[in-house]
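> One structure follows; several queries about it will come next.
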Amino acid sequence: MKNFEIITLFPELFPGPLGVSIFAKSLNKFWSMKTHDLRTYGIGNKKVVDDAVFSGLPGMLIRPDVVMNCMQNINFTGKKIFLSPRGTLLTQKKVESLILEHDNFLLLCGRYEGVDQRAINYYDFEEISIGNYVIAGGESAAFVLLESLIRKIPGVVGNDGSFENESFVNDEISEDRYTRPAKWSVDNKIIEVDQILLSGDHAKIQEYQKNSRKKIKD
Ligand code: SAH
């Protein structure tokens, strides 16, 4: 059983995409999820969680003492991850090592301009980025990370064979793929799949697939 805890200012966003399909089916069977509402750890009556960035930079940051209030209350042990555009880029290799090495995950979702760096360092959050672009909050990044991790938990994806040919295994992205109808009528045209794929000749099919795979560009 893998456990995922999420610190967020918007717990209502969860389970989101994790509430359907293989995720819904495997929830509380192979994995569990719990959200912590960062707002409840805010300062004073108004539950303030943010303040202006020092050194005149524009914008607001989540305060370290607010993160502390939360961390002290939830008393988590396991792998801590802060979703951050400054982090190391998430790759399939990283996904696989994370799910292999850890059972308990704590994901911290930033908002505004992010989180005071002292809190990230003090609580030893590893910073992970989902790509070299900026989104508005860590929650969507957390979904990307969670989906990639949860689908690798044994038992979650029914047919384990589907992993063998998957993209990013062997530094390749999967081949072009086709299904029925073999002759597809569209706008007065017929588009057919390559006869090789219907030939039953496994050697030729493999060769065809190999040629349509793409190499990962770093
Ligand atoms: N001003 C910051 C971006 C803040 S975006 C900067 O220039 O770097 C607000 C929050 O969204 C971040 O704290 C982080 O939790 C999340 N976020 C934004 N882009 C992300 C990315 N590429 N990967 C992971 N999290 C991201």
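> Residues of the stretch 139-185 being touching a Ser or Thr at 6+ places or on another chain (Cβ under 8 Å) and modelled with pLDDT under 90, which ones?
Asn165, Glu166, Ser167, Phe168, Ile173, Ser174, Glu175 - these are the residues of the stretch 139-185 that are touching a Ser or Thr at 6+ places or on another chain (Cβ under 8 Å) and modelled with pLDDT under 90.
> Considering every residue within the stretch 102-123, establish whether at least one is more than 8 Å from the ligand (Cβ to nearest atom), assigned to a strand (DSSP E or B), more than 24 Å from Leu38 (Cβ to Cβ) and modelled with pLDDT of 95 or more.
Looking through the stretch 102-123, none of the residues is more than 8 Å from the ligand (Cβ to nearest atom), assigned to a strand (DSSP E or B), more than 24 Å from Leu38 (Cβ to Cβ) and modelled with pLDDT of 95 or more.
> Something else: Looking only at the stretch 43-65, filter to residues that are surrounded by 14 or more Cβ atoms within 10 Å (Cβ to Cβ) and touching a residue at least 40 places away in the same chain (Cβ under 8 Å); which one of those is farthest from Ile6 (Cα to Cα)?
Val53
> Of the residues Glu113, Glu101, which is under 30 Å from Ile216 (Cβ atoms) and surrounded by fewer than 17 Cβ atoms within 10 Å (Cβ to Cβ)? Outline the logic, then answer.
Working: Glu113 fails: under 30 Å from Ile216 (Cβ atoms).
Unique residue meeting the criteria: Glu101.
> Here's a check for you: in the stretch 152-165, which residue that is surrounded by 14 or more Cβ atoms within 10 Å (Cβ to Cβ) and over 18 Å from Lys34 (Cα atoms) is nearest to the ligand (Cβ to nearest atom)?
Result: Lys152.
> Mind checking whether some residue in the stretch 57-71 is on the phi > 0 side of the Ramachandran plot and not hydroxyl-bearing (Ser, Thr, Tyr)?
yes
> May I pose another question? Against the definition (surrounded by 12 or more Cβ atoms within 10 Å (Cβ to Cβ) and either near the ligand (Cβ under 8 Å from one of its atoms) or closer than 26 Å to Ile62 by Cβ (or both)), how does Gly138 come out, yes or no?
Numbers: surrounded by 12 or more Cβ atoms within 10 Å (Cβ to Cβ): yes; either near the ligand (Cβ under 8 Å from one of its atoms) or closer than 26 Å to Ile62 by Cβ (or both): yes.
Criteria met by Gly138.
> Could you list all residues from the stretch 2-40 that are at positive phi and in a loop (DSSP other than H, G, I, E, B)? Show your work before the answer.
Of the residues in the stretch 2-40, the ones at positive phi are 16, 21, 28.
Result: Asn28, single match.
> Run Glu147 past the list (1) of a type in the set (D, E, K, R); (2) loosely packed, with under 13 Cβ neighbours inside 10 Å; (3) within 15 Å of the ligand (Cβ to nearest atom) and report the number of the one that doesn't hold.
The one condition Glu147 does not meet is (2).
The values are calculated or read from the model by the stated rules, or taken from the named source; none is laboratory data. Keep in mind that what you see is a predicted model, and the values were worked out from it rather than measured. Here the Cβ is made from the backbone with ideal geometry for all residues, glycine too, and neighbour counts use every protein chain on show.
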